[in-house]
1. Please list the non-local residues whose amide H lies under 5 Å from the amide H of residue 87, H modeled 1.01 Å from N, same-chain partners needing a gap of 5 or more.
2. Under the rule a/c < 1.5 gives rounded, and otherwise a/b versus b/c splits prolate from oblate, where does segment 1-108 land using the Cα gyration tensor?
3. Once amide H atoms are built 1.01 Å from N in the peptide plane, which residues 5 or more positions from residue 114, or in another chain, come under 5 Å H to H?
4. In the chain, which cysteines lack any other cysteine Cβ under 4.7 Å from their own?
5. So what does residue 4 come to for accessible area, using a 1.4 Å probe and Å² rounded to 10?
6. Chymotrypsin sites (Phe, Trp or Tyr not before Pro) within segment 12-72: which are DSSP loop residues with at most 14 other Cβ atoms inside 10 Å?
7. To the nearest 20 debye, what charge dipole does the chain have about its Cα centre, counting +1 at the Cβ of each Lys and Arg and -1 at the Cβ of each Asp and Glu?
8. Which trypsin sites (Lys or Arg not before Pro) in segment 46-85 pass both tests, a DSSP loop state and at most 15 other beta-carbon atoms within 10 Å?
Amino acid sequence: QVQLVESGGGLVQAGGSLRLCCAASGRTFSSYAMAWFRHAPGKERERVVAISGYGVYTYYASSVKGRFTISRDNAKNTVFLHMNSLKPEDTAVYYCAASKGAGLGVIYDYWGQGTQVTISS
């Protein structure tokens, strides 16, 4: 089993930046595709970004392209989400997730507890 712990959330003004971190347990971190999801009140949970095991492939939701960047450090069992030019609509609980599937993942097997990101206008 894999345990995921997010950190780095907080309150920031529109136009600002945040970096979220996800620390993972386990010995085979590079075999997992990693992703960040977000869930805002009254909205469906959505996949925001994803990265394959060795970082060759990435996915970005259209709403965050050009503003968010996902990266990973397999030596440290860590995945990051760099968020720039933040907007109020980015406000949500952000979750780190891991997939044992191929590529960027379809089914996510492990989830973190979430970290709150609030963007003020």
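The values are calculated or read from the model by the stated rules, or taken from the named source; none is laboratory data. Please read these numbers as outputs of a predicted model, since none were measured by experiment. A quick note on method: Cβ atoms are made from the backbone with ideal geometry, for glycine too, and the neighbour counts reach across all protein chains shown. When the accessible area is computed, the model is the full protein with side chains, heavy atoms only, and any ligands, DNA or RNA have been set aside. Shrake-Rupley method; radii C 1.70, N 1.55, O 1.52, S 1.80 Å.
1. 15
2. Numbers: a/c = 1.73, a/b = 1.62, b/c = 1.07.
Since a/c reaches 1.5 and a/b is larger than b/c, the shape of segment 1-108 is classed as prolate.
3. Here 6, 96 satisfy the definition.
4. If one checks each Cβ against the other cysteines of the chain, 21 turn up with nothing under 4.7 Å.
5. Answer for residue 4: close to 10 Å² accessible.
6. Values: sites: 29, 32, 36, 37, 54, 57, 59, 60, 68; in loops: 32, 54, 57.
Within segment 12-72, the qualifying chymotrypsin sites (Phe, Trp or Tyr not before Pro) (loop, at most 14 other Cβ atoms within 10 Å) are 54, 57.
7. Working: 12 positive and 7 negative charges, 31 e Å.
The dipole magnitude comes to about 160 debye.
8. Details: sites: 47, 65, 67, 72, 76; in loops: 65, 67.
When the trypsin sites (Lys or Arg not before Pro) of segment 46-85 are filtered for loop state and at most 15 Cβ neighbours within 10 Å, 65, 67 remain.
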